[in-house]
Amino acid sequence: MIYRLPQLEDEGIIRDYVKEHYENGETSISASHGLTSSEYGQWVERINRNALTGDKDFGKSLLLLCFDEDRLIGLLSIRYDLPQELSHTIGDIGYGVRPSERNKGYATAMLKYALGVCREKGMTKVILGCFKDNIASVKTIIKNGGVLICENDNFIKGRISQYYIIELTSS
């Protein structure tokens, strides 16, 4: 897979990605950092700025486009400079895969890649959150070494959120 920051030239492929989510009845795009509520050029500028200098509230982060050859498969958010209190509420890593490409191992590969980036950034552990009923994401996190540390229903009423920790080793 190829991982890279978004560019202005990517607008068409990203709009196609969003459209597929909408056509699948999904109005929330995982790991998109406000993509659908922003003007595209401003979104790209913010994502690239966050990678270089960071955000005053969220620190430095990467939002990477994930490609298999020339097809945009998903989005990967690596929040490696997140304050601890936010790490335990929104998680250090987020990912989303386009509906037509799910259950093909892409999320597992994306998370494995993100864990490597976190190791390179000097992190010793990461926190990930997902909804309890998102069985595919739960399996992805556990497959990558995640251990359940808590669950709650405070984030979105009616859905239970689970939080996992992954201890990072040097290998």
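Read-outs throughout are calculated quantities, based only on the coordinates presented, and are distinct from any laboratory measurement. Everything numeric here is computed off the predicted structure, so don't read it as measured data. In this analysis, Cβ positions are derived from the backbone assuming ideal geometry, glycine residues included, and neighbour counts consider all displayed protein chains.
The table for this structure:
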quantity: Restraint check, Lys19/Lys121; Lys19/Lys125; Lys121/Lys143, Cα-Cα greater than 32 Å; calculated: Lys19/Lys121; Lys19/Lys125
quantity: 5 angstrom amide H check on Lys132, placed H, neighbours 5+ away; calculated: Ile160, Ser161, Gln162
quantity: Distance between modelled label sites at Asn48 and Lys121, nm, 7 Å Cα→Cβ extension; calculated: 2.0
quantity: Highest-MSF residue in the chain out of Ala114, Ala31, Ala136 [GNM, Cα springs under 10 Å]; calculated: Ala136
quantity: Percentage, to the nearest whole number, of Cα pairs in the stretch 25-99 over 20 Å apart; calculated: 31
quantity: ³J(HN,Hα) computed for each position of the stretch 70-83 - Karplus, 6.51 cos²θ - 1.76 cosθ + 1.60, integer Hz, glycine/proline x; calculated: 9, 9, 6, 8, x, 10, 10, 10, 10, 9, 8, 10, 6, x
quantity: Stokes-Einstein translational diffusion, the chain - Kirkwood Rh over all Cα pairs, 0.692 mPa s, 37 °C, in µm²/s; calculated: 201
